[in-house]
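Structure, as structure tokens:
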Amino acid sequence: MSTGQVQRFGDGYMITCRKTGVKDEPFRDWLHESQRSVRTPKYWILDERTRIAGCHMIRDLVEEVIREEGIEAYEKFAYEVVEDGRRGLQTRIKAMTLPGKYRKVAFVDVPYAHPDVQTPSAFAKLDTVMHSPVEMTIRGDGSWRLDFEGASRWGWHSYNAHQVAFTSGIWVMMTQTLVPTQRINDGAYYGTEFRLPKGAWMNPDDRRTGHAYAWHFLVSGWSALWRGLGQGYFSRGYLEEVNAGNANTSNWLQGGGINQDGDIHAVNSFEASSCGTGACAIKDGLNHAAAIWNPEGDMGDVEIWEMAEPLLYLGRNVKCNSGGYGKFRGGCGFESLRMVWNSHDWTMFFMGNGYMNSDWGMMGGYPPATGYRFEAHMTGLKERIQQGDSLPLGADLNPASPDYEKHLSPGSVVKRDQQCMTTEDCYDNHDLYLNYLRGGPGFGDPLDRDCESIAHDLNEAFVLPEFARKVYGAVLHQDENGTWSVDDAGTGKRRTEIRKERLARAIPTRDWMLKERQKILEKDASLPVKHMYATSFGLSQKFLNQFKTFWELPDEWSLPEEELGVPSYGSKYRMDLSRMPDVSTITLVEE
């Protein structure tokens with residue numbers, strides 16, 4: 001799942017529907033082909049064997065039923081069980097949610113103008129934001145419709161998604177929350193109306209689009225749907241089912257080269273299956289426990305990863321302050337500090353979002369922490385290990401007060417910033433890479449969090465004292481052993497003061513909207529935000545009209561993409577593709 005290519009032609013090994021074997025034996029040319037197409041053929045072949053074994057299991061069960069019941073009974077059962085799945089979904093929606101329209105939105109940053117993002121196209125050198133609004137309509141009979149009108153257009157990056165990828169991945173989440181007790185089959189899909197606008201990032205209308213890392217925004221795009229369902233559960237009183245949102249699955253450590261065994265190798269760290277989960281309406285989220293696409297999270301043992309990857313662990317710790325604050329805290333993520341060892345020609349890259357949040361809390365709960373990257377080159381760690389000097393082994397508790405750098409040589413080259421999306425870079429032995437997995441969002445006003453839970457978070461290093469004071473209003477004490485406690489009476493008094501401070505700086509919503517409206521009239525926003533909206537407006541007149549109506553904008557107001565002065569492929573213009581796509585020679589032709 002790489003980040004550098006911006007068109008489908010660089011996405012990697014693509015296979016059309018084809019016959020790859022006979023009588024459960026793979027063709028030899030098929031196995032040889034994988035050795036010329038992927039860096040880890042042994043895992044590819046192992047996957048093939050696993051798939052064949054799965055087919056054996058399914059076949060044996062189906063044939064057993066047919067022998068006992070007959071083919072006609074089996075075919076009737078197959079149709080009925082799918083219909084049972086559809087009815088089960090409808091029954092659960094009707095029982096657990098309230099009818100109505102739920103409107104939510106999600107975003108993710110695409111920071112490609114940075115020098116650490118190298119792409120083969122000048123069109124991609126642009127900072128933008130991906131946009132995924134959803135209108136979830138739940139009807140009285142339990143049927144529903146998911147409409148993503150207003151989503152931003154596909155882009156020159158690898159985060160576009162096919163409509164099947166977008167719709168199918170949703171069910172991994174739904175089977176854990178909405179229909180865990182029902183038949184899990186295509187019935188739920190048949191019982192759902194999807195509307196994915198043509199030309200949007202999740203339904204591109206151009207065959208050149210790159211899709212290699214569709215997960216970058218799939219996970220974030222689904223978070224809007226998750227929050228809408230959470231609101232529905234809360235309205236019905238299913239408080240234990242509420243989830244403030246899923247954690248963004250990032251960073252996702254990837255790279256490759258020659259590993260410690262001298263083999264051509266690639267890594268795709270499955271630690272990402274264990275992010276923090278969102279808080280619910282009655283309890284905190286779970287720390288480093290699961291991912292939206294893999295609820296049975298398992299980060300794997302350090303020793304196993306070190307056998308598979310030329311990356312030694314210097315530390316693996318809970319990521320302090322990564323969970324969203326709230327009456328109930330979002331689960332914390334975790335971090336792994338890896339040192340490149342005994343490899344060569346090794347490259348890695350970062351895959352996450354760092355400048356903005358793609359998920360946030362519910363009913364006053366805070367979003368989780370944003371991302372950042374840490375990498376270090378020319379570290380001098382080889383010499384420090386030989387001399388027995390200190391090493392960066394502990395947790396990176398507070399990025400604002402960095403500790404790792406204290407254990408590196410003076411000439412080290414360190415990158416610590418919010419540029420969490422990069423393309424591949426070279427890593428020498430003893431270079432460092434921090435794999436930071438996110439926390440989940442919080443639920444409820446942080447000022448309602450009980451003092452005992454705050455003290456527990458402090459003593460477990462789940463939250464920093466600075467933020468316990470600032471966000472929770474906690475009055476803290478620390479004894480000679482370093483154990484934290486929270487003064488209930490003092491905290492209550494401080495929270496009363498904070499609530500008064502909130503009121504003092506608050507302004508009526510209509511006054512705030514008037515200020516925002518003026519900014520919109522003047523188009524006073526960052527270029528990434530304007531570009532995001534311009535692509536949405538260009539795709540959907542309906543979304544533009546809704547936006548203008550909501551903000552009471554004049555009829556003549558518009559935000560066309562071509563006025564932004566950035567390389568683009570706008571909805572009103574098409575490119576003359578008879579020439580190479582050099583930004584200086586592109587001819588725009590009005591349709």
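The values are calculated or read from the model by the stated rules, or taken from the named source; none is laboratory data. On a predicted model such as this, the values are computed, not experimentally measured, just so you know. Glycine gets a Cβ as well: all are built from the backbone with ideal geometry, and neighbour counts include every protein chain shown. Remember, those area values only see protein heavy atoms, side chains included, never the ligands or the DNA or RNA. Shrake-Rupley method; radii C 1.70, N 1.55, O 1.52, S 1.80 Å.
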Phi to ³J(HN,Hα) by Karplus 6.51 cos²θ - 1.76 cosθ + 1.60 over segment 68-83, Hz, x for Gly, Pro: 7, 10, x, 5, 5, 5, 5, 4, 5, 4, 4, 5, 5, 5, 5, 4
Spin-label pair TRP557/ALA461, simplified geometry with 7 Å Cα→Cβ offset, distance in nm: 5.0
Listed peptides 493-502, 273-282 by packing density, highest first (mean Cβ within 10 Å): 273-282, 493-502
Cα-centred dipole magnitude for segment 241-324, charges only on beta-carbon of K, R (+1) and D, E (-1), debye, nearest 20: 440
Cα-based convex hull, segment 201-331, per residue volume (Å³, whole number): 128
Those residues of segment 1-16 whose amide nitrogen sits under 15 Å from the label point placed on TRP30, 7 Å along Cα→Cβ: 15-16
Nearby lysines by direct alpha-carbon distance to LYS382 (threshold 21 angstrom, same-chain neighbours under 8 apart not counted): LYS406, LYS415
Paramagnetic label zone (point 7 Å from Cα along Cα-to-C-beta, ARG236; backbone N under 16 Å) in segment 96-118: 96-102
Sequence-separation-based contact order of the chain, relative, with Cα cut under 8 Å and 6+ spacing, percent: 14
Carbon/sulfur fraction of accessible area - the chain, other protein chains in place, 1.4 Å, %: 53
For segment 484-496, Karplus couplings with θ = phi - 60° (6.51, -1.76, 1.60), whole Hz, Gly/Pro x: 8, 9, 10, 7, 4, 5, x, 5, x, 5, 5, 5, 4
Theoretical ellipticity at 222 nm over the chain - DSSP helices of four or more residues, -39500 (n - 2.57) apiece, nearest 500: -10000 deg cm²/dmol
Cleavage-rule hits, chymotrypsin sites (Phe, Trp or Tyr not before Pro), segment 1-60, DSSP coil, Cβ neighbours within 10 Å at most 15: TYR13, PHE27
Cα gyration tensor, segment 59-151 - rounded (a/c under 1.5), prolate or oblate: oblate
Stretch gain in nm, segment THR20-CYS426, where the contour uses 0.36 nm per residue and the Cα spacing is subtracted: 142.5 nm
Accessible area, probe 1.4 Å, largest first, for residues ARG438, ARG51: ARG51, ARG438
Dipole of the chain [Lys/Arg +1, Asp/Glu -1 at C-beta], most positive-end residue of HIS344, LEU61, CYS332: CYS332
Sequence ranges 380-391, 363-374, ranked by mean other-Cβ count within 10 angstrom, highest first: 363-374, 380-391
Accessible area of HIS288 in the full protein assembly, 1.4 Å probe (Å², nearest 10): 60
Cβ-Cβ FRET estimate between PHE77 and GLN386, R0 fixed at 45 Å, reported to 0.05: 0.10
Global form of segment 409-514, assessed from the alpha-carbon gyration tensor, a/c cut-off 1.5: oblate
Within segment 263-305: Cβ-based charge dipole about Cα centre, in debye rounded to nearest 20 (Lys, Arg +1; Asp, Glu -1): 300
Rounded, prolate or oblate (a/c below 1.5 giving rounded, otherwise prolate when a/b exceeds b/c) for segment 1-135 by Cα gyration tensor: oblate
Karplus-derived HN-Hα couplings along segment 330-343 (A = 6.51, B = -1.76, C = 1.60, θ = phi - 60°), whole Hz, x at Gly and Pro: x, x, 6, x, 8, 9, 10, 9, 10, 10, 5, 8, 6, 10
Selection of trypsin sites (Lys or Arg not before Pro), segment 215-283, meeting DSSP coil and at most 14 other Cβ within 10 Å: LYS283
Segment 3-141, relative contact order [Cα under 8 Å, separation at least 6], %: 24
Solvent exposure of the chain as accessible area per residue, Å², 1.4 Å probe: 48
Packing rank of 549-560, 521-532, where each peptide gets the mean count of other beta carbons within 10 Å, highest leading: 521-532, 549-560
